[in-house]
Amino acid sequence: MFDYLEKHLPKLMLAPTAIVTLVCMYGFIGWTAALSFTKSRMLPQWDFVGWQQYERLFANPRWHVALDNLLVFTVLFIVIALFLGLMLAILLDRNIRNDGALRTIYLYPMAVSFIVTGTAWKWILNPGLGIEKMVRDLGFTDFEFRWLVDPDMAIYTIVIAAVWQSSGFVMAMFLSGLRGVDDSLIKAAQIDGASTFRTYWHVILPVMRPVFFGAVVILSHIAIKSFDLVQSLTGGGPGYASDLPATFMYTHAFSRAQMGLGAASAMVMLAGVMAIIVPYLYSELRGKKS
Amino acid sequence: MGSIQIQQLTKSFGDTQVLKGIDLDIKDGEFLILVGPSGCGKSTLMNSIAGLEEVTSGDILIDGDNITDLSPKERDIAMVFQSYALYPTMSVSRNISFGLEMRKVPKTEIEKTVGGVAQLLQIEHLLDRKPSQLSGGQRQRVAMGRALARNPRVFLFDEPLSNLDAKLRVEMRTEIKKLHKRLGTTIVYVTHDQVEAMTLADRIAVMKDGQVQQFGTPYEIYNNPANRFVADFMGSPPMNFIECVVLDDKLVIESQGEKFELQVPYGDQLKKAGLDTVILGIRPEMITEPKPYVEGALVHTIPMQIEVTEPMGPDTIAFGQWNSTEIQARLSPEAGVDAQDSGKMLVQVDTSKAVLFDAFSGARLGG
Amino acid sequence: MSSLTLSKKLYKAFFITLLLVFALAYLGPLYVMLTTSFKGIEEIRNGNILALPDALNGSAWVKAWSSACTGGDCFGLAPYFWNSMRIVIPALLISTAVGALNGYVLSQWRFKGSNFLFGALLFGCFIPFQVILLPMAKLLAWLGLANTVTGLVLVHVIYGIAFTTLFFRNYYVGIPNELVRAARLDGAGFFAIFRHVFLPLSTPIIVVSVIWQFTQIWNDFLFGVVYSGPGTQPITVALNNLVNTTMGGKEYNVDMAAAVIAALPTLVVYIVAGKYFVRGLTAGAVKG
């Protein structure tokens with residue numbers, strides 16, 4: 001009996017995690033999926049109505065605003081963060097031997113919560129007293145900078161704050177990637193007469209492709225899940241001009257008693273994440289095996 | 001006491017059978033070596049004895065007690081690992097005492113044992129260090145000390161010398177042999193190095209594809225191999241294998257366009273078996289420069305074209321060709337120089353220890 | 001030759017200047033938060049955001065900590081700060097402990113199906129939590145833990161395990177299995193091997209896991225806003241309420257002091273143990 005226990009102890013130790021994973025991840029996803037096919041509003045009801053909630057969802061202009069915003073936000077956020085992160089990493093790698101202090105400065109926003117970030121940028125971008133006033137004080141009295149309250153521009157304030165928070169992280173990833181590049185590779189390129197720019201473009205960056213993919217996956221993952229930043233910076237406003245799917249889901253599921261609709265939007269978000277993550281994990285795991 | 005009986009042991013991983021019915025009877029105090037190429041199942045067999053892997057069927061007995069289903073700690077076995085597997089955060093002395101501590105041996109006794117083992121292995125000055133501060137040879141000693149401290153019925157050694165450089169390996173080899181002589185505890189030792197096997201073992205089990213090919217003393221294995229695989233695996237430089245046409249009770253060797261007849265042991269059996277060709281197995285040291293004091297029906301003289309010579313110091317290996325097969329001969333250094341200069345020589349072939357194998361199956365003929 | 005080195009030097013100077021400009025840009029928001037928090041409200045209205053405060057006026061800090069209104073009540077951030085502590089500490093300890101044991105099994109005691117389980121768990125690092133929000137609320141209500149600190153601890157433990165397990169599994173997978181074998185022959189069991197052999201090796205990865213969980217849970221807003229009730233809200237939720245409470249005139253100095261208070265614990269952790277923070281961030285992302 002004791003032997004039996006000892007032999008199966010490893011399995012026993014994993015059992016709680018296995019059960020919790022099964023129930024609280026996969027079971028819950030199933031539950032939400034089921035809910036998205038019902039008429040549930042305040043409380044779950046189990047009368048199935050097929051794809052009706054999804055039809056409602058995609059007929060909802062607010063959802064389309066959220067999707068458009070997500071597209072704009074994700075593309076800009078990823079492109080700018082990658083560019084800044086890569087640039088900082090290369091400049092740091094080339095020019096400064098002891099980069100501890102600078103690296104610390106670029107990365108500290110990542111340690112702060114999106115709510116704090118949102119609060120700070122909300123103040124900096126404040127139409128009356130923030131950057132606008134500062135520039136006007138400098139003498140440009142006609143200067144206007146009121147993106148925060150402009151329905152067409154509000155989403156870009158979220159891009160600014162998100163880039164500020166996450167580009168340091170991209171820098172850290174690229175920097176550790178650059179430091180991992182085999183020195184002899186760089187020497188070989190230099191002996192072959194390649195300029196610094198060409199060395200980076202043709203030799204080093206291709207080696208860092210996995211880091212690149214990793215960064216894109218993580219950034220797009222941050223983008224799709226973005227909720228806190230919108231809540232604290234614009235509250236989804238003005239109106240619902242800066243809504244994202246995450247805030248849409250929250251509003252409908254918890255404030256507006258549209259549980260079925262919220263569940264459907266959550267499932268669409270899951271599908272979006274899976275479309276990015278599954279191929280990535282697949283290639284990652286396959287690559288490790290071979 | 002520590003005799004081991006292994007009976008009809010099999011082990012499968014999924015569909016692949018790694019051990020295919022192993023039978024071994026290891027005497028108390030014996031130094032047994034499991035040798036074979038990688039993937040032959042020797043490590044799996046050792047792990048099965050240790051209890052680190054469950055067997056699929058069959059039994060393992062120590063001193064007559066069936067221990068097949070016991071956990072490793074109940075088997076009273078200690079093991080030295082290839083990577084040494086020293087606990088990185090513990091000092092040398094705690095590495096040695098950990099097994100005793102786990103077995104709730106009283107503190108004073110632990111201290112005495114650690115002291116004794118350290119003295120035996122000459123590692124007293126290292127006791128307070130961490131494994132990372134030791135050289136390869138020192139780690140090897142500590143790993144042995146950890147096994148010794150437990151004073152088990154059986155020691156298992158899993159390729160313990162393969163991470164050492166060549167010189168240290170030879171030194172430690174001798175030391176292990178001395179230690180065994182002194183302690184008299186049963187040792188099962190896995191290696192892929194046939195020199196280690198020959199030099200250390202009381203008996204050797206040569207393994208291939210999950211089966212024991214031959215189980216015997218180093219002398220038996222070397223001089224009387226059970227099949228072509230064993231003959232090929234044991235010995236360096238390796239045995240020469242020459243496919244020969246059978247002529248009555250003799251074999252035909254062709255060298256430089258001429259044919260020579262070779263008388264071999266068990267020639268009469270060849271005749272009875274009615275085979276057209278056989279594989280002649282003859283070790284390089286039986287092909288030498290002519291030595292006048294060696295005589296008899298089994299001693300022949302045959303010319304040989306010398307392609308290359310490799311001086312080893314005490315002797316020289318010469319490469320030639322018979323029957324379109326590369327042949328290695330073992331010459332004295334002086335004969336080696338002559339052979340190199342002239343490019344050909346007459347060699348003396350002594351077939352008294354030659355062995356014959358079936359040309360197709362590699363099975364031993366006669367003997 | 002000398003002109004070449006001169007142009008190289010100029011390039012270098014330019015690049016370093018660029019790096020410093022960026023450093024100032026990244027520091028900007030923190031600078032603005034700090035200076036604003038020490039200004040009086042009149043000074044804010046008349047001056048500009050980059051100006052240093054006339055005097056170090058700590059009243060906004062006192063108000064943010066102890067009397068600012070956060071939605072319904074006006075006790076400042078203090079009670080919520082302690083709420084967050086009461087959520088974070090048990091949640092990070094439990095999830096790190098569970099993650100360590102999981103990682104130990106998944107790397108050293110593999111069995112049929114354990115790799116599959118790891119894959120299934122890994123996927124959990126990536127799901128958008130929106131998809132589990134509704135059923136989790138049901139489960140918490142059913143357990144009687146809705147709107148409680150315990151409930152939030154539970155939620156953070158459940159969804160933190162995927163990460164902590166990943167950390168420990170990837171760390172332990174680099175430790176040769178022969179250590180486990182040696183210890184088993186030495187007579188040590190599952191837990192003894194963990195305690196005597198693995199735990200003493202684990203300090204760096206424990207630090208990584210603790211810091212990761214601390215920042216993740218302290219900074220969480222989604223679970224906090226959905227699963228907390230009046231009186232059990234974590235500091236992020238309280239900060240958001242404080243900033244968006246529209247009673248009377250806006251007090252930007254109090255907002256900024258509150259934001260700094262909410263950011264302070266994770267900033268301190270980051271400054272003290274930044275190396276481990278970065279390791280946690282990049283753990284899953286960079287191969288090897």
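Return the Cα extents of chain A along principal axes one, two and three, sorted largest first, each rounded to a whole Å.
Extents along the principal axes: 77, 71, 34 Å.
Ranked from highest to lowest mean number of other Cβ atoms within 10 Å per residue, what is the order of the peptides A:184-194, B:161-171? Intermediate results must be reported in sequence, preceding the final value.
Working: A:184-194: 12.3, B:161-171: 14.2.
Packing order, densest peptide first, comes out as B:161-171, A:184-194.
So what are the ³J(HN,Hα) numbers for the range B:283-291, from phi and the Karplus equation (6.51, -1.76, 1.60; θ = phi - 60°), rounded to whole Hz, Gly and Pro as x?
Running phi through 6.51 cos²θ - 1.76 cosθ + 1.60 with θ = phi - 60° gives 6, x, 5, 8, 10, 9, 5, x, 10 Hz.
Go ahead and run the numbers for FRET between B:LEU183 and B:GLN8, Cβ-Cβ distance against an R0 of 41 Å, rounding to 0.05. Numbers along the way, then the final one.
Numbers: r = 30 Å, r/R0 = 0.74.
According to the calculation, E is roughly 0.85.
When chain C is treated as a GNM, springs tying every alpha-carbon pair under 10 Å, which of C:ILE217, C:ILE205, C:ILE49 comes out with the largest mean-square fluctuation?
Of C:ILE217, C:ILE205, C:ILE49, the Gaussian network model singles out C:ILE49 as fluctuating most.
Which of the residue pairs B:LYS208/B:LYS271; A:LYS39/A:LYS225; A:LYS7/B:LYS177; B:LYS42/B:LYS250; C:LYS63/C:LYS275; A:LYS7/B:LYS208 have a Cα-Cα distance greater than 28 Å in the structure shown?
Violating the 28 Å limit, Cα to Cα: B:LYS208/B:LYS271; A:LYS7/B:LYS177; B:LYS42/B:LYS250; C:LYS63/C:LYS275; A:LYS7/B:LYS208.
Could you size up the charge dipole of the range A:60-289 around its Cα centre, putting +1 on the beta carbon of Lys and Arg and -1 on that of Asp and Glu, and report it in debye to the nearest 20? Let's see the in-between values first.
Working: 17 positive and 15 negative charges, 130 e Å.
Its charge dipole is roughly 620 debye.
Can you compute log10 of I(q)/I(0) for the protein assembly as shown with the Debye formula, treating each Cα as one identical point scatterer, at q = 0.07 Å⁻¹?
For the protein assembly as shown at q = 0.07 Å⁻¹, log10 I(q)/I(0) is -0.79.
Give me the distance in nm between label points sitting 7 Å out from Cα along the Cα-to-Cβ direction at B:ASP15 and A:PHE213, one decimal.
3.0
Please find the FRET efficiency linking B:LEU61 to B:GLU285, where r is the Cβ-Cβ separation and R0 is fixed at 41 Å, and quote it to the nearest 0.05.
0.55
Non-local amide H neighbours of C:THR245 (under 5 Å, H modeled in plane, Pro and chain starts lacking H): which ones?
HN-HN under 5 Å from C:THR245: C:GLY71.
Could I have the simple spin-label model distance between A:LYS39 and B:SER132, label points 7 Å from Cα toward Cβ, reported in nm to one decimal?
Taking the simple label geometry, A:LYS39 and B:SER132 are separated by 6.7 nm.
Can you give the Rg/Rh ratio of chain C, where Rg is from the C-alpha atoms and Rh is the Kirkwood radius? Display every interim value, and only then the final one.
Values: Rg = 24.1 Å, Rh = 22.2 Å.
Across chain C, the Cα-based Rg/Rh ratio is 1.09.
In whole Hz and in residue order, list the ³J(HN,Hα) couplings for the range A:210-217 that follow from phi through the Karplus curve 6.51 cos²θ - 1.76 cosθ + 1.60, θ = phi - 60°; x for Gly and Pro.
x, 4, 4, 4, x, 5, 4, 4
Short version: ³J(HN,Hα) in whole Hz for each residue of the range C:119-133, in order, from phi by Karplus 6.51 cos²θ - 1.76 cosθ + 1.60 (θ = phi - 60°), x for Gly and Pro, what are they?
In residue order, the calculated couplings are x, 4, 6, 4, 4, x, 5, 10, 5, x, 5, 3, 7, 10, 4 Hz.
How far apart, in nm, are the 7 Å Cα→Cβ label points at A:GLU144 and A:VAL79?
2.5
Round to the nearest 10 and give me the degree value, 0 to 90, for the angle of helix B:107-121's Cα axis relative to the longest principal axis of chain B.
That helix lies at roughly 30 degrees to the long axis.
Indicate the gyration tensor shape class of the range B:240-365 (rounded, prolate or oblate), computed on the Cα atoms with a ≥ b ≥ c the square roots of the eigenvalues: a/c under 1.5 is rounded; otherwise a/b larger than b/c is prolate and the rest oblate.
Because a/c hits 1.5 or more and a/b exceeds b/c, the range B:240-365 counts as prolate.
In the range A:9-76, which trypsin sites (Lys or Arg not before Pro) fall in coil by DSSP and have 11 or fewer other Cβ atoms within 10 Å? It would help to have the intermediate numbers written out before the result.
Details: sites: A:LYS11, A:LYS39, A:ARG41, A:ARG56, A:ARG62; in loops: A:LYS39, A:ARG41.
Hits after loop and neighbour filter: nothing returned.
Coordinate-derived values only; no laboratory data. Just so it is clear, the structure is predicted and the values come from calculations on it, not from any experiment. We place every Cβ from the backbone using ideal geometry, glycine too, and count neighbours over all the protein chains shown.
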